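Single-structure report; data block below.
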Amino acid sequence: MKNIHGIIYAYNSFPELRELGAHRTGASLPFCGRYRLIDIALSSMQNAGIHDVGVIMQKGYQSLMDHLGAGKTWDMARKVGGMNMLPPYGLPDSNKGFYEGTMEALNAIGTYLSDDIKAEYIVLTRGDICANVDMSALINAHLASDNDITAVCTPPKSATYVHNHAHHRVELDENGIVTGIYINQTTDERGYGLLETYILSRAKLLEIMRWCAEGNRLHFHKDALIHFLKEGWKIGSFIHEGFARHITCVSDFWDANMDMLDPELREQVFPCDRPVSTRERSDVSTYYAAGSKVRNSLVADGCVIEGELENCIVFGGVKVGAGSVLQNCIILHDTVIGENVSLNCVISDKNVTIAPYNSLKGNRRLPIVIPKGSKI
């Protein structure tokens, strides 16, 4: 869609991700054996015909840039438009080295939004939320309405949107129009959850940005959205019924990946009619040795499995030695696990080597995280 431009926030880093977030932002977290979280947001836009996208970055984005490249995977490698990587080239002198809010991030790329793009509408979303939103339906709903902004929401007490963190919620009237906003909620006791995905006209967005810049207001929800709702703007809703997780800590990462072992939940993130694209590794097929056992697991290409897997997510290039037993584990790319190793509730980052006869056991609430490149 030439008249719509996408903006993805990919700058958020979360200390609660511990070793997993030491070298990457939330948007570049590996997911479900072969993907990164940002693949879902990019593919949602690609499936809706949005091929002009800006990715807002700030710190620790080398992993993200390596993965995205020029955007060819998502048909966004173009001479005009396409994917644009947006570092913080317009930060004020008062900035502390990180964005304190979404409005600060948007104003940091203000000239890009005001001068470089000409699209009439903007879709805003986060790169660290695992939710395959039907962007085509969202766009059509907004264009058919007289809303100033349309917000993507989850149903009240949603079984598919787990709230392990502070998030924002809204009250809706019988017509799906926002009547109130609740900031930093920790339960789903009232209202609809916000997935922090919106569509609005570029003119409206620039108006919001100017108002925030004039008063040094940094936050989209706490400052801008509440203010313009009081000013009489009409904020509509689009209900996302499917799976949704906001991944900000190790337990979020664990839960979201393990949820993908459930075929019904996996279908909600990877539906056939809205496929998720990712950069290919071009690995050979996985080899399963005689005597190996794999139960209820997802294993990517390029692996050598000689031991046993149960309830595991295994990324490409992993080797599991003979006699090793892995249960409830997430093993990232190119990890080598020796013979007769026992792992339970372990998350291994990339390029880890575990020597034979080691035994590590965490639990579902506090899995053991092995840092990238470790040798045990």
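Quick notes on this structure:
- Neighbour net charge for V341 - beta-carbon separation under 12 angstrom, K R +1, D E -1: -1
- Under the Debye formula (equal points on every Cα, no solvent term), log10 I(q)/I(0) of the chain at q = 0.08, 0.15 Å⁻¹: -0.42, -1.32
- Over the chain, accessible surface divided per residue gives 42 Å², non-protein components excluded, 1.4 Å probe.
- Think of each Lys and Arg Cβ as +1 and each Asp and Glu Cβ as -1; about the Cα centre, that makes the dipole of the chain roughly 720 debye.
- Helix 37-47 and the longest principal axis of the Cα set of the chain meet at an angle near 60°.
- Exposure rank, largest accessible area first [T286, T186; 1.4 Å]: T186, T286
- Efficiency of FRET between C272 and V304 - r from beta-carbon atoms, R0 45 angstrom, step 0.05: 0.90
- Rounded percent of accessible protein surface that carbon and sulfur make up, region 281-343, 1.4 Å probe: 45 percent
- Per-residue SASA entry for Y9, accessible area with 1.4 Å probe, Å² rounded to 10: 20 Å²
- Acute angle (nearest 10 degrees) that the helix 202-214 long axis makes with the longest principal axis of the chain, alpha-carbon atoms: 90 degrees
- GNM flexibility winner over the chain from G21, G176, G242 (Cα, springs under 10 Å): G176
- Efficiency of FRET between D146 and I117 - r from beta-carbon atoms, R0 30 angstrom, step 0.05: 0.80
- Exposure rank, largest accessible area first [V314, V336; 1.4 Å]: V336, V314
- Here region 254-315 yields Rg over Rh of 1.00, to two decimals, using C-alpha coordinates and the Kirkwood radius.
- Area of R365 that stays accessible when all protein chains are in place (1.4 Å probe, Å², to 10): 140 Å²
- Inter-probe distance in nm under a simple model that places probes 7 Å from Cα toward Cβ, at E174 and D75: 4.2 nm
- Net charge in the neighbourhood of T353 (other residues with Cβ under 12 Å of its Cβ; Lys, Arg +1, Asp, Glu -1) is +2.
- Difference of contour (0.36 nm per residue) and Cα-Cα distance, K204 to R190: 2.2 nm
- Angle between the chain longest axis and helix 250-259 axis [Cα atoms, degrees, rounded to 10]: 80 degrees
- For E339, the residues whose modelled amide H falls within less than 5 Å of its own, excluding neighbours fewer than 5 places apart on the same chain, are Y357.
- Extension gain (nm, one decimal) between I226 and R365, 0.36 nm per residue minus Cα-Cα: 46.5 nm
- Each listed q (0.11, 0.21, 0.23 Å⁻¹) maps to a log10 I(q)/I(0) for region 178-281, found by the Debye formula over equal Cα scatterers with no solvent: -0.53, -1.20, -1.29.
The values are calculated or read from the model by the stated rules, or taken from the named source; none is laboratory data. The structure presented is a predicted model; accordingly, all values stated were derived computationally and were not measured. In this analysis, Cβ positions are derived from the backbone assuming ideal geometry, glycine residues included, and neighbour counts consider all displayed protein chains. Side chains are part of the model used for accessible areas, which takes the heavy atoms of the whole protein and leaves out ligands, DNA and RNA. Shrake-Rupley method; radii C 1.70, N 1.55, O 1.52, S 1.80 Å.
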